[in-house]
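Just so it is clear, none of the values below were taken in a lab; they were calculated from the coordinates. All figures in this text were calculated on a predicted structure; none of them were measured in a lab. Note: ideal-geometry Cβ built from the backbone for every residue, glycine included; neighbour counts use all protein chains shown.
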Amino acid sequence: MPKTAAKPNAKTKLLDAALQIIRTKGYAATTVDDLCHAAGVTKGAFFHHFKAKDDLAVAAAQYWSDTTGELFRTATYHDHADPLDRVLGYIDFRKDLLDGEVEEFTCLVGTMVQEAFHSTPEIRAACEASISGHAATLEADIEAARRARGIRAGWTAKSLALHTQAVLQGAFILAKAKDGPSVAAESVDHLRRYVEMLFAAPKKKKSRAKTAA
């Protein structure tokens, strides 16, 4: 996670605490007291900025998008000339991020939406916007790669971009289940191979005359 240079105020401290604690304990198990203790602020400060924990969760989803968005915007995979190399570079970058403890590399919005998708529509919507918004940043490169290679298959840049997120979120779940990043890294490797195969040039069929000869 990128660090902000300015000294954080109480609201930012609470959002930073949410990113850490919810990924560690889950949304339901995280209490307002947990957030205030981790942020070093009072409950009065919490309720000055947020009406309830659900309101903080919605704000945290946007904060997650903003902070991680800056990390991806400045990543070096954008420097590749070939759009397919940029897509593959993105996948490689995601694999490189699978470092440290599980709660340090898993996704805040993926964690929250699994718990709150039915009970709290506002959180579900905020998490969906974050995941889909991030996926959308890949669409232009995927579409450019499709055009450059003359691919006219029945899938779209949007559907493949969302599929990358489905694989990554599933990889995070496996990492939690296995309590380590290695299984997630293997899933990302499979995703890379899948994308490479989608964009591979089709093999030319041998003519019947040559086959008979």
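Set the Förster radius R0 to 22 Å, insert the Cβ-Cβ distance between Asp54 and Ala136 as r into 1/(1 + (r/R0)^6), and round the FRET efficiency to 0.05.
Working: r = 25 Å, r/R0 = 1.16.
Result of the calculation: an efficiency of 0.30.
Would you mind ranking His37, His163 so that the residue whose beta carbon has the fewest other beta carbons within 10 Å leads the list? Can you show the working numbers first?
Numbers: His37 12, His163 16.
Fewest-to-most ranking of His37, His163: His37, His163.
Rg to Rh ratio, the chain, alpha-carbon atoms and Kirkwood radius?
On the way: Rg = 20.8 Å, Rh = 19.1 Å.
When Rh is taken as the Kirkwood radius, the ratio is 1.09.
What number results when the radius of gyration of the stretch 75-166, computed over Cα atoms, is divided by 2.2 N^0.38 Å? Can you show the working numbers first?
Numbers: Rg = 15.2 Å, N = 92, 2.2 N^0.38 = 12.3 Å.
In units of the globular-protein estimate, the stretch 75-166 measures up at 1.24.
Which order do peptides 47-55, 64-72 fall in by mean Cβ count within 10 Å, highest first? Let's see the in-between values first.
On the way: 47-55: 14.6, 64-72: 16.4.
Ranked by mean Cβ neighbours within 10 Å, highest first: 64-72, 47-55.
Work out the charge dipole of the chain with +1 on the Cβ of Lys and Arg and -1 on the Cβ of Asp and Glu about the Cα centre, then indicate which of Gly170, Val58, Leu191 is farthest towards its positive end.
The one lying farthest along the dipole's positive direction is Leu191.
How many lysine pairs does the stretch 1-139 hold where the Cα atoms are under 13 Å apart and the two sit 8 or more places apart or on different chains?
Qualifying lysine pairs in the stretch 1-139: 7.
Under a point-charge model restricted to the Cβ atoms of Lys and Arg (+1) and Asp and Glu (-1), what is the dipole moment magnitude of the chain relative to its Cα centre, in debye to the nearest 20? Could the numbers behind the result be given before it?
Numbers: 29 positive and 26 negative charges, 263 e Å.
About 1260 debye.
Using only the alpha-carbon atoms of the stretch 17-100 as identical scatterers, what base-10 log of I(q)/I(0) does the Debye formula give at q = 0.11, 0.12, 0.15, 0.18 Å⁻¹?
-0.44, -0.51, -0.68, -0.82
Looking at Thr137, Val113, Ile151, which one has the Cα that reaches farthest to the positive end of the dipole of the stretch 53-198 (charges on Cβ: Lys, Arg +1; Asp, Glu -1)?
Of the options given, the answer is Ile151.
Suppose a student asked you for the relative contact order of the stretch 53-198, using Cα pairs under 8 Å spaced at least 6 residues apart; what percent would you report? Let's see the in-between values first.
Working: 130 pairs, mean separation 40.3, N = 146.
Relative CO of the stretch 53-198 lands at 28 percent.
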